[in-house]
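Working notes, beginning with the structure itself.
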Amino acid sequence: TCGRFLELAKKGGREFYMFAGFVHGYLSAANALNKQTYDLVPWQSNKVLINSIAKVCAKHKDRRFGEILRRLVLSLAPQRLTEYSDLLKVPGDGVAPVYREVVFRMQTQLQARGHYTGEPTSQYDEATVAAMKLFQAQAQLPVTGHADQATIQRLFYPRKAAAPAAQPTAKK
């Protein structure tokens with residue numbers, strides 16, 4: 001149950017990591033089994049996913065953990081990558097590489113907010129760093145210009161209650 005998951009999350013340890021491993025395996029299977037899916041979680045770290053599940057579980061402690069995970073997979077579908085995309089090294093210590101397609105989507109979101117001028121390039125260039133800094137300042141996040149998980153989360157999910165919107169894709 002979600003209640004058991006939350007208990008184990010507080011303690012950490014082997015049993016909690018079994019839940020985390022189950023999430024990883026479930027997402028790998030979902031990637032393989034869903035048509036037109038290259039990567040269901042193109043930018044989300046395991047920590048972001050576990051935290052998302054924990055937030056829902058906190059409200060529904062009696063629910064089955066697997067059901068919450070299934071609903072998470074369904075909610076992620078609109079933002080999945082449907083085909084291969086190169087990984088780009090982005091600025092920042094400890095910041096994971098980001099798919100070129102995700103950079104395009106980030107630029108599109110930044111452009112819609114008036115922070116990025118010009119057409120999205122799918123390159124994490126100086127214009128993107130500057131736009132990220134503007135967004136981070138507005139969102140009251142640490143101003144680094146980096147594509148860290150907190151910034152991407154806020155960029156793609158601007159309101160807590162909002163469902164993820166389908167993302168435009170880069171032109172070939």
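Checked against the criteria, GLN111 does not count as touching a Ser or Thr at 6+ places or on another chain (Cβ under 9 Å), buried (at least 17 other Cβ atoms within 10 Å of the Cβ) and not in a loop (DSSP other than H, G, I, E, B). Of the residues making up the stretch 139-149, just one is surrounded by 16 or more Cβ atoms within 10 Å (Cβ to Cβ) and more than 18 Å from the chain's Cα centre (by Cα), namely THR144. Provide a single number: the residues in the stretch 26-39 that are open to solvent by 40 Å² or more (accessible area, probe 1.4 Å) and not in a loop (DSSP other than H, G, I, E, B). Residues meeting the conditions: 5.
Looking across the stretch 40-79, the residues that are in a loop (DSSP other than H, G, I, E, B) and under 16 Å from GLU7 (Cβ atoms) come down to HIS60, LYS61, ASP62, ARG63, ARG64.
Restricting the stretch 1-25 to residues that are in contact with a Lys or Arg (Cβ under 8 Å, 6 or more places away or on another chain) and assigned to a helix (DSSP H, G or I), the residue that is farthest from ALA96 (Cα to Cα) is GLY3.
Residues in the stretch 126-138 that are under 24 Å from ARG80 (Cα atoms) and either small (Gly, Ala, Ser) or open to solvent by 50 Å² or more (accessible area, probe 1.4 Å) (or both): ALA131 alone. Of the residues contained in the stretch 40-62, none is found to be open to solvent by 70 Å² or more (accessible area, probe 1.4 Å), in contact with a Phe, Trp or Tyr (Cβ under 8 Å, 6 or more places away or on another chain) and either within 21 Å of ARG100 (Cα to Cα) or in contact (Cβ under 8 Å) with a residue 12 or more places away in the chain (or both). Tell me, please, whether a residue that is without any contact (Cβ under 8 Å) to a residue 60 or more places away in the chain and among the aromatic types (Phe, Trp, Tyr) can be found in the stretch 144-156. Scanning the stretch 144-156 turns up no residue that is without any contact (Cβ under 8 Å) to a residue 60 or more places away in the chain and among the aromatic types (Phe, Trp, Tyr). Given the criteria among the aromatic types (Phe, Trp, Tyr) and open to solvent by 90 Å² or more (accessible area, probe 1.4 Å), does TYR17 qualify? Judged against the criteria, TYR17 is a match. Among the residues of the stretch 80-103, the one identified as part of a helix (DSSP H, G or I) and surrounded by fewer than 20 Cβ atoms within 10 Å (Cβ to Cβ) is ARG100.
The values are calculated or read from the model by the stated rules, or taken from the named source; none is laboratory data. Quantities reported herein were computed from a predicted structural model and do not represent experimental measurements. Here the Cβ is made from the backbone with ideal geometry for all residues, glycine too, and neighbour counts use every protein chain on show. Protein only, heavy atoms only, side chains kept; ligands, DNA and RNA dropped before computing areas. Shrake-Rupley method; radii C 1.70, N 1.55, O 1.52, S 1.80 Å.
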